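Notes follow once the structure below has been shown.
The values are calculated or read from the model by the stated rules, or taken from the named source; none is laboratory data. For clarity, every value in this text was computed on a predicted model and none was experimentally measured. Every residue, glycine among them, receives a Cβ derived from its backbone with ideal geometry; neighbour counts consider all protein chains shown. Areas reflect the complete protein model, heavy atoms only, side chains present, ligands, DNA and RNA absent. Shrake-Rupley method; radii C 1.70, N 1.55, O 1.52, S 1.80 Å.
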Amino acid sequence: MNKLLERQLQRNGIDLRELPEHLQKMFESVSQSYDHHEADRTLIERSMDLSSHELTEANKKLRLETERQKVVLEKLKSAILSLPGKEGEIFY
């Protein structure tokens, strides 16, 4: 019997052993539904944790690449500005 369902039944003063057999079977089905729901929730939580970790790692890589690109752009800008040109001529 699912622990949560057991607590709910106890809290409401229901002793499963005292119920007719057809109600006991119904509560067993409800218990299985609780178990399936908990298993599904666990899988979803695990999937979300993995996705979150993957996205965090991808974000770190993108930040590093952005910083590298900034350095390259600064070097290019410096190189362009150091090129000889006519007075007042602007290179882009």
| task | Among residues belonging to region 72-92 that are more than 46 Å from the chain's Cα centre (by Cα) and either of a type in the set (Asp, Glu) or at pLDDT 90 or above (or both), point out the one that is most open to solvent (accessible area, probe 1.4 Å). | result | Glu87
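Condition check ((1) surrounded by 10 or more Cβ atoms within 10 Å (Cβ to Cβ); (2) of a type outside the set (Lys, Arg)) across all residues:
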{"site": "Gln10", "(1), (2)": "yes, yes"}
{"site": "Glu18", "(1), (2)": "no, yes"}
{"site": "Gln32", "(1), (2)": "yes, yes"}
{"site": "Ala39", "(1), (2)": "yes, yes"}
{"site": "Glu65", "(1), (2)": "yes, yes"}
{"site": "Lys70", "(1), (2)": "yes, no"}
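If only one of Asp35, Asp49 is farther than 13 Å from Leu4 by Cβ, in a helix (DSSP H, G or I) and among the charged types (D, E, K, R), which one is it? Let's see the steps before the verdict.
Working: Asp35 fails: farther than 13 Å from Leu4 by Cβ.
None of the other options fit; the residue is Asp49.
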| field | Those residues of region 41-59 which are open to solvent by less than 70 Å² (accessible area, probe 1.4 Å) and of a type in the set (Ser, Thr, Tyr), in sequence order | value | Ser47, Ser51, Ser52, Thr56
